[in-house]
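To start, the structure under review is shown below, and the notes come after it.
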Amino acid sequence: MAAGDIARRLKLPQNTLSFHLAALARAGLIASRKEGRSIIYFVDLDGIRGLLSFLIKDCCGGKAELCGPLIASFETRERPA
């Protein structure tokens, strides 16, 4: 989605949105590409999978085995090309 469209939908000023998008990009959760004069942002699925795996492994008071089936489902899903 184009940055301007995201800002309008979230009712955020462009500079505020840019700050948050930059933080998400540095964290590896989103990526972007330039199309003409617009920057198109999209979810980085590998980054999101990594974040979810980390959060799940860290849950349940350190007993990650309780979340084993859920962890396996994130780690074994086919990644898009």
Hey, what do the phi angles of segment 43-50 turn into as Karplus ³J(HN,Hα) couplings, whole Hz, using 6.51/-1.76/1.60 and θ = phi - 60°, x for Gly and Pro? 5, 8, 4, 5, x, 5, 4, x
So if the hydrodynamic radius of segment 3-43 is defined as the Kirkwood radius over C-alpha pairs, what does Stokes-Einstein give as its diffusion coefficient at 25 °C and 0.890 mPa s, in µm² per second? 236
Using amide H atoms built 1.01 Å from N in the peptide plane, name the residues 5+ places from Ala2, or on other chains, whose amide H lies under 5 Å from its own. Tyr41
With Gln14 itself left out, Lys, Arg at +1 and Asp, Glu at -1 over residues whose Cβ is under 14 Å from its Cβ give +3
Could you line up Arg33, Arg49 from fewest to most neighbouring Cβ atoms inside 10 Å? Arg33, Arg49
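Taken together, the values in this text are just the output of simple stated rules run on the coordinates, not laboratory data. Source: prediction; values computed, not measured. For neighbour counting, all protein chains shown are included, and Cβ atoms are generated from backbone atoms with ideal geometry for every residue, glycine included.
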